[in-house]
Amino acid sequence: MKTILQKIISIIILSVILACSILPIRAAASFEIPGICQMQTDTGTAGTVKTLDYDYDYNTYLSLRDIAMLLKDTDKSFSLEITNNTVSLDPGNVYVPVGVENAPWEDEENPDISLRRNEFKVNGETVFYYTLIMKLPSGDYDCFMMAADLAMILDVNITVPVAGSLQIHTQDPLCISPVSLEQAGYFYGVNSVLVGDATTGELYYQYQSDMSYPIASTSKLMTCLLTMDAISEGQISLEELVTISDAVEALSASDDGVIPLEAGEQITVQELLLGALLPSSNECALCLAESIAGSEEAFVQMMNQKAKDLGLSQTIFFNCNGLPYYTEDFIPSKRQNSMSAEDMFRLVSYLLKVYPQVTDFTSLESATLESLELEVRNTNPLLHNLPEVTGLKTGTTNKAGACLVTSLTADDGTMEHDLVVIVLGTEDSIERGRVSGLLARYALNAFYTGIEEPEAGGAAQISENLPIHADAAVDWVLRTARKMENY
């Protein structure tokens, strides 16, 4: 009996080992379902467009060649050159057919290709979008792209008149309605969003903006603010050399390290700011914190005090960079810096108002850290996709999801305004870029043409601070409750 049990246990263990070796491979495999949709333009052209649903049903990517053929004789025509990993799209040019357009799939098997940020250029300028590129049986390459991404590139409106079909309105510019997106459940996969004018305090749109969520590396905006304060007060200067500590080297050498820094090396404050803001270096943020306050613990106290001074009531910081923070308890707690989108808007509005030069850093696509002879690149994808974008900061942890705080410039003819789009807690960097890109275009449209639709929760104004006296606080709570009740 004992021998039989041992054999059974051995078989179970072997089965578990085999399962563990197979499951990750299956889980990592891509899943694309080929399909078709009917597409027509407002000029009367119609045809079949090949589609790929990536990983999930209705997560649909459309054939650029098929669409280019349908738009060939319209005002939104574009030319295409596609290789195995590059795409060149030139709006306004005439598309030259290769003979595979608007034809049904030749192979019924699901293609096994990866969704990637392939090299993509529009009119010769690099943009950041995720695409699927596949080789067709004819030998030609095709690129599959989300309808929303193509609409942003062409500035064209696309609607769904009936299921399984799309209509391209070549004469209408892209129109984004956050309220309609919210009603359709688009923001269910997002923790919170906020769109507004940081110069005036006017809010264009909010979704769960008063709730506190982990903010990951967007925490570095507060680290940047305190660094700017220290520079303004003469405590440090941009050119000042800072010596790398053992703690900074240890963080740099860890899995959370971004830039290689060794204890005893020296680097300027300006380079530390560039490192923290562009590639989101955790060790650069720590080095700034130690230089300004003597220790990270003392710097975190400054962060929380500054948050209190600014009236950020739904904010707490545990460290200077946004990484998960473990306590020293026997059973350690895992904490993360958290903030509401409203508080982030207040923080960013203050930062842009008091230290507008911060965008001199955050608008850079790349920079060279001379002390290290190292080039660093900005993690903000929208810098490539919209000329109005000036920053500000990305952030990602498992708990926070993918976050992005975007700033844009707009001019009313009298003065420049800073528009801000805050997106917290998307599923991944793909959705982070798409949600932020759509809302950035909405922000520009709202600024230049006004808000024509009733916004969820109503248009609002964020003051410099929340009410602190009892009567004012009660009144504010009641007014907020009434707004939510009406909504």
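Ordered from highest to lowest accessible area with the whole protein assembly present and a 1.4 Å probe, TYR95, TYR326 read as TYR326, TYR95.
Computed over protein heavy atoms with a 1.4 angstrom probe, the accessible surface ordering of ILE36, ILE331, ILE113, largest first, is ILE331, ILE36, ILE113.
Dividing the summed helix terms, -39500 (n - 2.57) for each DSSP H run of n ≥ 4, by the number of residues in the chain produces a 222 nm estimate of -10500 deg cm²/dmol to the nearest 500.
Taking 7 Å steps out from each Cα toward its Cβ at TYR448 and LYS353 produces label points 2.7 nm apart. Dividing the Cα radius of gyration of region 317-435 by its Kirkwood radius returns 1.02 for Rg/Rh. Among 367-375, 209-217, 275-283, 408-416, the peptide with the highest mean count of other Cβ atoms within 10 Å heads the list, and the full ranking is 275-283, 209-217, 367-375, 408-416. Between THR327 and ILE113, the FRET efficiency estimated from the beta carbon spacing at R0 = 51 angstrom works out to 0.70. Computed on protein heavy atoms with a 1.4 Å probe, the accessible areas place LYS121, LYS135 in the order LYS135, LYS121, largest first.
Each Lys or Arg adds one and each Asp or Glu subtracts one; over the other residues with Cβ under 15 Å from the Cβ of ALA400, this totals +1. For region 106-243, rounded, prolate or oblate, judged on the Cα gyration tensor with a ≥ b ≥ c (square roots of eigenvalues), a/c < 1.5 rounded, else prolate if a/b > b/c? Cα axes put region 106-243 in the prolate bin.
Packing, taken as the mean count of other beta carbons within 10 Å per residue, orders the peptides 186-193, 354-361 from highest to lowest as 186-193, 354-361. Remark: the chain carries 48 Å² of accessible area per residue (probe radius 1.4 Å; ligands, DNA and RNA excluded). Let me test this: with uniform point scatterers at the alpha carbons of region 24-144, what is the Debye-based log₁₀ I(q)/I(0) at q = 0.09, 0.10, 0.14, 0.17 1/Å? Debye curve over Cα of region 24-144, log10 I(q)/I(0) at q = 0.09, 0.10, 0.14, 0.17 Å⁻¹: -0.24, -0.30, -0.60, -0.88.
Going by the alpha-carbon gyration tensor, a ≥ b ≥ c the square roots of its eigenvalues, is region 167-269 rounded (a/c under 1.5) or, if a/c is not under 1.5, prolate (a/b greater than b/c) versus oblate? Verdict is prolate for region 167-269. If a/c stays under 1.5 just call it rounded; otherwise compare a/b with b/c (prolate if a/b is bigger, oblate if not). Do that for region 322-386, with a ≥ b ≥ c from the square roots of the Cα gyration tensor eigenvalues. Cα axes put region 322-386 in the oblate bin. With Rh defined as the Kirkwood radius, the inverse of the mean 1/r over Cα pairs, the Rg/Rh of the chain is 1.02. Along the Cα-to-Cβ line of ASP411, 7 Å from the Cα, sits a label point; which residues in region 359-395 have backbone N less than 19 Å from it? Once the point is set 7 Å along Cα→Cβ of ASP411, 359-360, 363, 386-391 turn out to lie under 19 Å by backbone N, inside region 359-395.
The values are calculated or read from the model by the stated rules, or taken from the named source; none is laboratory data. Source: prediction; values computed, not measured. Quick reminder, even Gly has a Cβ in these numbers, built from the backbone with ideal geometry, and neighbours come from all protein chains shown. SASA here: full protein model, heavy atoms, side chains in, ligands and nucleic acids out. Shrake-Rupley method; radii C 1.70, N 1.55, O 1.52, S 1.80 Å.
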